[in-house]
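Undergrad: Quick one: structure below, then a few questions.
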Amino acid sequence: MPHLPLRLIKGYAAFKGGRLAEERARYRELAEAGQRPEIMVVSCCDSRCAPETIFDVGPGELFVTRNVANLVPPFAPDDVHHGTSAALEFAVTVLEVKHIVVLGHGRCGGVKAFLAGVATPPPPEDFIGHWITLIEPARARLACDDPDPNLDPETALERANVCQSLDNLRTFPWIREREQDGRLTLEGAWFDISTGELMALDPESGRFQPVDEAAAAA
Ligand SMILES: [Zn+2]
């Protein structure tokens, strides 16, 4: 007997009888023609902020990479394994996505752990501790970026972290080049898991504002 958690077996049965039945033609088309998603999302591993759920997308629409605290490391050509950078490279240079969205979220455990304090330097086997040191520049920018004074420190850092990841995206030459010539846009968003509200970064003010669906459609 093959094994999977029962929750997954039940979920798959529901998918097979529901969405798969409705979207079978789309799956077949994607299998034959290959994927051509136009949007990539970098989001957190947190089980409460799945981009496919929040943005209500079908198969083939979103190219997603997830990691602890939705971090984009800076461009670092070396011999270390870079999972997020590899996903970015594929999405940008092979799939030629038109948009990259970094999606932060409320109550982020990675950001909370960083605020609670990370050993410096973290011991080599502390993968989380080492990974979340990538949040340090976001904390530094909070001091000079005129953060919204009404935000609690955790939310402020979650949002600064999105801005820092956007800056780090621009350290990749093939991203910077495409943004400059207009082939690619870089955007930031933050999802409030307690209210379900989605905020988007306004590049002019540097602040996050509620997404206005009516205005966007117009
Ligand atoms: Zn998180």
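The values are calculated or read from the model by the stated rules, or taken from the named source; none is laboratory data. Keep in mind the model is a prediction, meaning the values are calculated, not measured. Quick reminder, even Gly has a Cβ in these numbers, built from the backbone with ideal geometry, and neighbours come from all protein chains shown. Protein only, heavy atoms only, side chains kept; ligands, DNA and RNA dropped before computing areas. Shrake-Rupley method; radii C 1.70, N 1.55, O 1.52, S 1.80 Å.
Undergrad: Note down the net charge around GLY109, summing +1 for each Lys or Arg and -1 for each Asp or Glu among other residues with Cβ under 12 Å from its Cβ.
TA: Working: positive: ARG48, ARG107, LYS112; negative: ASP46, GLU154, GLU158.
Overall, the nearby charge balance is 0.
Undergrad: When the accessible area of the chain is computed with all protein chains present and a 1.4 Å probe, what percentage of it is carbon and sulfur? Before the final figure, lay out the partial values.
TA: On the way: 7270 of 12850 Å².
Roughly 57 percent, rounded to a whole number.
Undergrad: On to the next question. Quick check: net charge around VAL42, other residues with Cβ under 11 Å of its Cβ, Lys/Arg +1 and Asp/Glu -1? Don't jump to the answer; show the numbers that get you there.
TA: Values: positive: ARG66; negative: GLU187.
Charge balance in the 11 Å sphere: 0.
Undergrad: Another question about this same structure. Rounded, prolate or oblate: which one fits segment 64-218, using the alpha carbon gyration tensor with axes a ≥ b ≥ c (rounded when a/c is under 1.5, else prolate when a/b beats b/c, else oblate)? Before the final figure, lay out each step's value.
TA: Working: a/c = 1.77, a/b = 1.05, b/c = 1.68.
The shape class here is oblate.
Undergrad: Quickly rank 63-69, 205-211, 183-189 as a protection proxy: mean count of other C-beta atoms within 10 Å, highest first.
TA: On the way: 63-69: 20.4, 205-211: 13.9, 183-189: 18.7.
Result, highest mean Cβ count within 10 Å first: 63-69, 183-189, 205-211.
Undergrad: Quick one: length gained pulling ARG28 to GLN209 fully straight, 0.36 nm per residue minus the C-alpha distance?
TA: Extending this stretch completely gives an extra 61.3 nm.
Undergrad: Express in whole angstrom the spacing between the alpha-carbon centres of segment 138-193 and segment 84-116.
TA: Using only Cα atoms to place each centre, the spacing works out to 11 Å.
Undergrad: Pairs of Cα atoms under 8 Å, at least six residues apart: use those to get the relative contact order of segment 71-139, whole percent.
TA: Working: 24 pairs, mean separation 19.4, N = 69.
After rounding, I find 28 percent.
Undergrad: Oh, and also: With the contact rule set at Cα under 8 Å and sequence spacing of 6 or more, what percent relative contact order holds for the chain? Intermediate values should be presented prior to the final figure.
TA: Details: 286 pairs, mean separation 43.3, N = 218.
Across the chain, relative contact order equals 20 percent.
Undergrad: Per the helix-only calculation at 222 nm, which mean residue ellipticity applies to the chain, given -39500 (n - 2.57) for every DSSP H run of n ≥ 4 and division by its residues, nearest 500 deg cm²/dmol? Don't skip to the end; give the middle numbers.
TA: On the way: 10 runs with 89 residues, N = 218.
The helix-only estimate for the chain comes to -11500 deg cm²/dmol at 222 nm.
Undergrad: Under a 1.4 Å probe, what is the accessible area of the chain per residue, stated in Å²? Walk me through the numbers before you get to the answer.
TA: Values: 12850 Å² over 218 residues.
So the chain comes to 59 Å² accessible per residue, rounded to a whole number.
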